[in-house]
DNA sequence: AGTAACTAACCTACTGGTCAGTTACTAAAA
DNA sequence: TTTTAGTAACTGACCAGTAGGTTAGTTACT
């Protein structure tokens, strides 16, 4: 009988597998309550091996957040920067793209994780603020500013209006991740995006004001 | 010299003092990372005493959430139920009242706490969903429905529109609690409320559509 | 004197992190 | 083609610090 070996050397594949398992565990339990033993087991290794790839629980956590969220922000930025369409179209498109992220549970988990652990990891909160929040808000603000400058949108306070744009999107992510598994009514992301975009475009429209 | 006693019997005052200290500690570190030793010390007692009033860390946590949030929900409900003003006025008033909660850090901490620990405390998440989210959403939905029925607001999908109302308010709470202490730009709650109410009322207005 | 609120030392389970030893794989020698 | 070091990926038992929870004893109050 050819015994398959009890384990294999897979130096290349480990980090990603560990990150994936860690994200799931952190998302489910939070940083403090997540156990490295469980993360390692989910990744098909033991705790000792985990430490060959990441120096500490804290660094693993940071790597998880950084690696998961940054590509998504860049993708959203690309949507806006590339196009030459009217601001109204771009805004609707941005909201729709964002709502698609609701389908990816791992993405929905990230905001919760960062907010949860902001007290324990100030530098992570700062990183997230600088690299995600600021860029995301900047994206929306730039779009609004463009629309105002082009005479498409009313002259509103762009800084605060961006909150009205992003707030519901964040809420839907938190809803999906934290509330739906606990009995909350399931969310139709596409319908929500349509409703939100419709309300916003009407709120920003020049119609009815000279 | 009359030594003051090393401690006093204060059976009545302890529970509230413990709850207050626990809220601060839970808000700062999350459930798992908060230490009962620290909570007790902040409340001016020792760990053993804490267990005379609460049977476990978990029950203490639940009592904190329940006791802090329920009165606030009831207060907001009262704002809407009592008045006979037009829906537009009530909506603006509701948003403004809500924004005042931003001044109370303990209140801002609650949503974060519940979302953070929803995975570890399904029954708490469920309680919060039933007693806070559903009631809050119901409040807004009822208001919108009233406005639509009265011909004040456009006929919109009230269920989704409520997300557009609440999302930015929740975002501002999380911002205040988790981001501002980590370098984020401080938020002017009143200005944000004005901007948000203005956008919403215009989004809902009948003007420009027959 | 009696009692119940309170303390502080203690117990125990847990978990992040370590490390000596084991095993899969490689590649050169036979 | 087979044998045989050599090495680095990997394991699993272990350690030490920590914190939830307990309780015997102390002290404020009636």
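Bear in mind these aren't lab numbers, they're just calculated from the coordinates by the rules spelled out. It should be emphasised that the depicted structure is a prediction, and the values quoted were computed from it without experimental measurement. Glycine also receives a Cβ, built like all others from the backbone with ideal geometry; neighbour counts cover every protein chain displayed.
What does the convex hull of the alpha-carbon atoms of the protein assembly as shown project to on average, in nm²? Each step should come with its number before you reach the end.
Details: hull surface 112.5 nm².
Here the figure is 28.1 nm², rounded to one decimal.
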By the mean-Cβ-within-10 Å protection proxy, highest first, A:101-109, A:199-207 rank as A:199-207, A:101-109
The FRET efficiency for residue B:10 and residue A:59, from their Cβ-Cβ distance with R0 = 45 Å and rounded to 0.05, is 0.50
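Only helical DSSP H runs with n ≥ 4 go in: add -39500 (n - 2.57) per run for the protein assembly as shown, normalise by residue count and round the 222 nm mean residue ellipticity to 500 deg cm²/dmol.
On the way: 20 runs with 278 residues, N = 420.
That calculation yields -21500 deg cm²/dmol at 222 nm.
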Copies of residue A:131 compared via label points 7 Å along Cα→Cβ give distances in nm, shortest first, of 3.9
Longest principal axis of chain A (C-alpha) makes with the long axis of helix A:158-174 (C-alpha) an angle, in degrees to the nearest 10, of 40
The helix A:189-204 Cα axis meets the longest alpha-carbon principal axis of chain A at an angle in degrees, between 0 and 90 and rounded to 10, of 30
Here, residue B:97 and residue B:51, labelled 7 Å along Cα→Cβ, have an inter-label distance in nm of 4.3
Once both label points are put 7 Å beyond Cα along the C-beta direction, the residue B:135-residue A:70 separation in nm becomes 4.4
Output row for residue A:77: copy-to-copy label distances, label 7 Å along Cα→C-beta, ascending, in nanometres, one decimal, is 4.6
Rg/Rh over Cα atoms for chain A, Kirkwood Rh, comes to 1.08
If labels are modelled 7 Å from Cα along the Cβ direction, residue B:11 lies from its partners in the other copies at nm distances, smallest first, of 6.9
Rounded to the nearest 10, the angle in degrees between the Cα long axis of helix B:134-149 and the longest principal axis of the Cα atoms of chain B comes to 20
